[in-house]
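This report concerns only the one structure given below.
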Amino acid sequence: MSAFRTFADAVSGGAIPVIIALVALVGALRGVKVYEVFVEGAKEGFEVAVRIIPYLVAVLVAVGLVRSAGLLDLLSRALAPVLGAVGVPAETLPMMLVRPLSGSGADGVMVELMKAHGADSMAATTAAVMSGAADTTFYILAVYFGSVGIKRIRHGLWAGLIGDLAGLLTAAWFTKALLF
């Protein structure tokens, strides 16, 4: 196993530089002015970043308000019996509520669970699996829809939240079934 880990570390450490070099080489062979195209792309990326700053600020302020106002704890206590009945650990409720809002907020919740219950506990392990099973829907909507100027998100919010719920519930069930 040690040889495989060494090989995997070497491949993963060199994969990105090799891919970048291959893209640049193929572009140059096809007559593309690689440096100029790169600079133009970087310029466009900077312009997009400037356009999405207000949306990012709004999402971060909302997450901060929810956490500091104690709404997260209130919602957790209210939903604990319901999710406990369907096989989701009650301790992971804050993770389920924060994950669609903020990835870093969800990471903070996960670290708090690890400190409170231990890194190998069911709550902490479930939270770690949940982190990979759901996405930051509100962040995605703010950044991606905001970057291209979409004002009406139509069904994007509900589709994202339903996908998050499915991922979070599945993560809890699989963690319980496979690890505990």
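Side notes on the structure shown:
- Size check on the chain: the Cα extents along the three principal axes, sorted descending, read 63, 51, 27 Å.
- Relative exposure of Met95, Met122, Met130, judged by other C-beta atoms within 10 Å (fewest first): Met122, Met130, Met95
- At 1.567 mPa s and 4 °C, Stokes diffusion of the stretch 95-180 via Kirkwood alpha-carbon radius, µm² per second: 96
- Where trypsin sites (Lys or Arg not before Pro) in DSSP loops with at most 16 other Cβ within 10 Å are excluded, longest remaining stretch of the chain: 34-150
- Net charge, Asp164 excluded, C-beta distance under 13 Å - Lys, Arg +1, Asp, Glu -1: 0
- For the chain, the dipole from Cβ point charges (+1 on Lys and Arg, -1 on Asp and Glu) about the Cα centre works out to 360 debye, to the nearest 20.
- Within-15-Å neighbourhood charge of Val148 [Cβ basis; K, R +1; D, E -1]: +2
- Over the stretch 10-106, all Cα pairs binned in 10 Å intervals from 0 give whole-percent P(r) values of 13, 23, 19, 20, 17, 8, 0, listed from short to long.
- Positive dipole terminus of the stretch 51-179, leading residue within Pro100, Ala58, Ala69 (C-beta point charges): Ala58
- Charge dipole (debye, nearest 20) of the stretch 101-180; +1 at Cβ of Lys and Arg, -1 at Cβ of Asp and Glu: 340
- Estimated FRET transfer efficiency when R0 is 35 angstrom, pair Val61-Val11 (beta carbons, to 0.05): 0.30
- The charge dipole of the stretch 43-101, taken about its Cα centre with unit charges on the Cβ of Lys, Arg, Asp and Glu (plus for the first two, minus for the last two), comes to roughly 40 debye.
FYI, it's all coordinate maths here, none of it is from the lab. Given the structure is predicted, the values throughout are model-derived calculations rather than measurements. We place every Cβ from the backbone using ideal geometry, glycine too, and count neighbours over all the protein chains shown.
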